[in-house]
Structure formats: C-alpha cells, structure tokens
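These notes concern the structure reproduced below.
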Amino acid sequence: MMKRSTSDILELFIVYIIIFLMLKEWLVPITQLTGTGYGEYILLFVGLALLVNVFYLPFWLVSIIKLLYISLFIFYTYTEKVALLSADSFHFFMEQIQVNAIALATLQLSDVTNPFRTLLLFILIWMLIYLIHQYLVTEANVFYFFMITVFFLATLDTFSEYDGGKAMVRVIILGLILMGILYVKRLGLLTGERLKLTTKLMLLTPFIIFVIVWGYFATLLPSYDSVWADPVAFVKETLGDEDNKKVGYGNNDEALGGSVADDDTKVFKALVPERQYWRMETKNIYTSKGWKDNPDQSFSTLSGGVVNTSLNQVMQPTQQAVIKNYEAGKALGIYAQAYVPATILANNANLQMTNTSEKITAPQTPMEEEYQILYEPIKNPIDSVRASTMADYQRNDAAVIENRTLPTTVPQRVRDLAQEITKDKDSVYDKAKAIELYFKNGEYTYDKLNVGTPAEDQDYVDQFLFETKRGYCDNFSTAMIVMLRSVDIPARWVKGFAPGTYQQKDPETGLEEYLVTNNEAHSWVEVYLPQVGWVQFEPTIGFTSLDMFAEDQPTEQEQQLEDKPEEEQTLEEEQQEQTTAAPSFFKKMSDLMYDYRLVGYILLLMAMIVAIAALFTRKLWLPGYYTRKFKRKAETDDNFMTMYEVLTQQLARYGYRRAQGETLHNFAQRVDQAYDTTAMRELTSVYEQLLYRKTHEITNFAQLKESWEYLINLTTG
C-alpha cells in the first residue's frame, strides 16, 4: 500500500467530518418522524465507520471493529440485567440466530425479530459509507451524494411535518465546501502532481470564506411569502392523502374511522404472571358512526379498592399484577383492570367507578405512579358455555335490554349477513364464535393507514363490512357487536390496551414484564352469555384473546404442549413474544413511506421522466461522460481498445454504423471523409495492430487520446 502523507490523512479527515455532518442531517429527520430511539448511538457508528476509513486499516480489522460495535449495541439495547460474557448472553445470540434463520428460510418475514432488523440497519449504513468511501478514493467526487441529500431534505420539508429549513442551509454550505476540497484534489490527480498543503490552503481558503459569508448573509435576507398558492395541500386533497391521526387512547368515540399513525409514547409497564388484556371502560350505545357514553351515569366508591363490576365476582383472588405508570399513563387518569379484578391497591387514591362504563378513576387525587391489582383469571367450563341457548336469556335482565339496542338506520344487509353467519348454530357461544371467525375468512384486511371514513348518510359498520373491508380494531370490534345485536345477542364495546411488548422476567418477583405504549390502545368485544356473564371475544385480525374457557378434557394440541419439556415451552413462548414486539424501526419506516406515498409517486414520475429523457438524449451527453471518464484512466493498451469500441458505438448512435462485412479500414475511411479528418484512420491502425499482433506498444498515447476526444465530441451534433 502506498504510504500516505500527513497532509493526505488530514485532508481525508476533514472530508469525512463534513460527510459525517451531512449524514447526521439524514438521521435526524428519520428518527424524528419514526420515533426511533438510540439515534446518538447510531450516529456514533457512522462516525466510527468513517474514522476507520481515514487510516486505511486492513479490511479484517475494520470488520471486527464494526461487528463488535453492532453486537454490543444489540446486546445492551435488547437485554437487561444480563452479563455480557455469560451463558445468558450466549443463549440470547444463539436464540436470535435460530429464530431468524427459521423465519428467513420459511419466508415468514413478519417473524423476523427486532434485533435482526437492527442488524440489517447497521449493515445498510455500513454499505452506504463503503460506497461513499469508494467514490472518494476512485473519483474524488461525491456530487451525487450531495444532490440526493438536498433532494431528500427538500422532500421531507415539503411533504412532512419536519422543518428542514435550517438543515438545508447547513447541507448546502457543507456540500459546497466539500465540492471545493474535492475539486482541488482532482486537480492534483489530473496533473499527476502532489499538491503541497500550503498550495491547497491558498486555493481553498478564499472559496471557503466566500461560501461561509454567503451562507451567513443568505440567512439574514428577508423571506417573502410565495405569490402562488401552496400546491402541496391541493395535491394531497386531490389524491386523498390526508394527514393521519395518531393511535392512542381517546375519550370521544362518537366518530370512528380514518387512518391512524403509530405512536410509541409509553403509557405504563405491567408486571404480571402471564399476558393480560387491560380493560379500561365499556360503551354500549352505538350511534351508526361510533360509540357514546350512557347519559344516565352513576358512581360508586370502591371501599378499600374492592372492585364491583358486572364481570364474575372474585372471592379469593390468586393472581397479582403491578402497574407502573409513565407520564402518559398518569395523564390518562384511568386505572387498568385485569380479567377479573377483585381489588386495586392504590396507596393514596380514593377510587370510584362509573357504573355504566365501569371506568375506575380517582377524581379527587392525582393518578398513582404505581399500584397493584389482585385478580382471578376466568375459566368457564366450555361444555356449560356451549349448552346455553337463546331461550336461556331472561328478558327482563338489564344487561340483555341495554346491550341489544341498535339504531333504526343500520342497513338491512348488515342484519341479513349476521343471520346468514349464525343460522346453523344453536348455542349463543357458537353464534358469537361464528361471527368472530367470519372476519378471518380472507376477505378482510388489518390496516391502519388506508382506512375509510363513512359519509354523513352512511353507517360505519356497513361501510366496513361491504365496501372497504379493511380497518383496525375499532372496525372489527364494532362490526361484530352490531352483528351480534342484529341476532338479539347482547354485546358491548370495550376499550383498553392489548398486552404490550414482552421485556423480560423480573428477577425479584418472577413476574413477566410488558411495556404498554399508545400503539397497544385497543378495542374488543364482550358478549353476555346466559348463566355465565360477560365473556371476551377478539375479532381483530392478528390479535388473540385471553383463554377464558376450561376444557373438560385437554385437546390433542394442549396434551402435546404438556408433554414438552419446560425449557422448550419457555423458548417457544419467548419466540412468540419476540414476533409480537412493538413496531420496529423498519416497520416505522414502512409506515412513514406509506404516510407520504404521494412523495413516492412524484419521485417515481420524476425518475421516469429523467430516465426517458436521458435515453433519448444520450448521444448528446455520452461523449462528455466518456471524455471525463477516460481522462482519469491509465494509458494502457486495454484502455485504448475500450476507448475505440466506445467511439464506434457512439458513431453508430450518430448514424455512422459499420456495415456488415465492412472492414475496419473502410469504415474508418468513410468516417474521415464525413468529418474531413484522418483521426479515425490513425486510431483504427493502432487498434488493428493491438487486435491482431498483440505485441504492439503505443508510444503516442496522448496524441491518440486527443484524436479520440476530437472525434467523439463531434458526435454531439
């Protein structure tokens, strides 16, 4: 390897500092728009990858350094209270390899775990920096990187909530300085001379001062409002690309529908013996557009925290859960309930429950940061549940009366569909189960980003069932309840949170720790079964309800599970938890790309226009491209032959194509006659000697290159 001077290393170091600052302008909006954490550590990896390139370390050493950093990042991000050099850490990495290898081999890409996706992110950054380094070494030109960075920021600033005004100024100043430094470097390469540091400084200092001063005064200039109206809002409205609401727990559910974006805001952390849905409140008045509270609200005080809901009463609770609220959880002001709560132990809270919605709050005291729930999981005998029929309902039961009503505006085809689905079922449970499973027949799609909103005269459920057939939990749960009520089965709408993302097993209590964010805000169905009470059902695709039934005899699948060793069961549970993790960086990026799909359409159209224009005008710009390309090439026989072949191709595009059977000499003579020159015959003579004699040496390469440039530039017209 050629020894590099201190001047070269210093120059490369300055160049990489500028590139680092420009790459930072990429990462900042990405982390802001996707809510990605650990951005400073990702940026640190970028700096590390650039730094090792400055000193031209061996490839194997560079790879070890980068892989070590990636491994440490993944380990400390996705594990807690695990020693680095321990059996547990080895088990973690081996488990990741096993799970992701299976997912990739079976093409189940949704099962790829977050640590593996993080690895792919770092590899992508690694490849990007490698490409930038290669352009610096071979071309001393990063114009395309500069141009794409400006375009990227301009696009985000135009079509997203990211404010890229200051970032754009910084990138342009940095990019111009970088282009100036690399231009001086190319001058040295073209002349074949090693420019001294003082010479470089003499050339660059005035330019850098000018760019900085120009940039500073540009920021001081007044900014006038545009004369033309902003076209972005018009284009978005024309294409139906409206801004999305964010997912989360809200108080007003009277107008459901519309797309929602992810929100990673942490709500609370739950320590439980097993995964658990978190019930917050119920609603039973359907308005044809959404749900509203019962106007006749009454409250009851929970003496000693003892919960008295319409769910089965618990005499001696056997399970304990701990809820640790974040700021969003405290701001929510509602105490979570497990299935089925007995007592909520909140130190300083005077708890009360709204009797209609069964919402538990403490209006006189601040929300507790931490509280405990004592509960007993429901296990209803499945045979007894299946034995209940419609005739078992007591007509004067308040739960039956209140939760069967529907607006008269519900279309008849909704009622007909419910009747068709349940007509062959006898028990209430089987009817409810048939409607729950109906949504998983392949016709319906879980989607949060392309969800319709009903028109003023349109029913929310009717639109979902027969027109859009795509939506999220609110669509599925509301549709199931309306269909159940259509066949006289009492049902109600429940709001709360899905179990959340598994974090770890708490070493002190042995409880499983789940993180619940706004992304887990969820709605589901409770059906009132005769002689049983309220039972949870989960119609939303991709979600699994709690097991609230006890089989008299274990099924074959359960028997196989019982026969498995405990360690194997634990591994399977952990794998399942990994696959149900909260949306990762790549999912957020996917959602972000969908949110701003208008940008993609515009970029695609522009790319197609540029590609077509480049194709039809290539005979105009290719000569200049080839001239610049071969100026930097060495004066070798192979390069000359390539230059000659490129020239003949360009002549063919311009109309001088070599005829079949025509000799090279005759072809060259025809070209020279057309252009009144002898340059083509000179080039052809040397080309033939290289082609047939093999031992010919070129002694006048500079003169031949000049003739070649003259001819190829003539083909521009």
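Take peptides 647-655, 294-302 and line them up by average Cβ neighbours within 10 Å, highest first, as a rough protection proxy.
Going by the mean number of other Cβ atoms within 10 Å, highest first, we get 647-655, 294-302.
Taking one equal scatterer on every alpha-carbon of segment 94-147, how large is log10 of I(q)/I(0) by Debye at q = 0.20, 0.30 1/Å?
-0.71, -1.12
Given C-alpha coordinates of segment 11-81, what is the ratio Rg to Rh with the Kirkwood estimate of Rh?
Checking Rg against Rh, the ratio lands at 1.03.
From the C-alpha gyration tensor of segment 6-220, pull out the three semi-axes of the equivalent ellipsoid (sqrt of 5λ each), sorted largest to smallest, in whole Å.
38, 23, 14
Given a cut-off of 22 Å, name the pairs among K292/K495; K24/K66; K425/K495; K292/K440 whose C-alpha atoms lie farther apart than that in the structure shown.
The answer is K425/K495; K292/K440.
Stokes-Einstein D for segment 59-180 at 20 °C, 1.002 mPa s, Kirkwood Rh over Cα pairs, in µm²/s?
It comes out at roughly 120 µm²/s.
Using every Cα-Cα pair within segment 458-502, state what percent have a distance larger than 13 Å.
59 percent
Quote the charge dipole size of segment 6-220 about the Cα centre in Debye, to the nearest 20; the model charges only the Cβ of Lys and Arg (+1) and of Asp and Glu (-1).
640 debye
Remind me, what semi-axes does segment 617-714 give for its equivalent ellipsoid, largest first in whole Å, using sqrt of 5 times each Cα gyration tensor eigenvalue?
The answer is 19, 18, 12 Å, longest axis first.
Give me a comma-separated list of calculated 3J(HN,Hα) values for segment 677-688, in order, Karplus coefficients 6.51, -1.76, 1.60 applied at θ = phi - 60°, integers in Hz, x for any Gly or Pro.
8, 10, 5, 5, 5, 4, 5, 5, 4, 5, 4, 5
Regarding segment 374-477, what whole-number volume in Å³ per residue does the convex hull of its Cα atoms give?
176 Å³
Among E402, E512, E456, E420, which comes first, then next, by fewest other beta-carbon atoms within 10 Å?
Ascending number of Cβ neighbours within 10 Å: E456, E420, E402, E512.
Exactly which trypsin sites (Lys or Arg not before Pro) in segment 81-167 are in a DSSP loop and have at most 16 other Cβ atoms within 10 Å?
Sparse-neighbourhood loop trypsin sites (Lys or Arg not before Pro): K81.
Say each of K330 and T627 gets a label point 7 Å from the Cα, pointing the same way as Cα to Cβ; how far apart are those two points in nm?
Between K330 and T627, the simple spin-label model gives 7.0 nm.
Every number here is computed from the coordinates shown, using simple stated rules; none is lab data. Being a predicted model, the structure only gives us computed values, none of them experimental. Note that each Cβ is placed from the backbone with ideal geometry, even for glycine, and that neighbours are counted across all protein chains shown.
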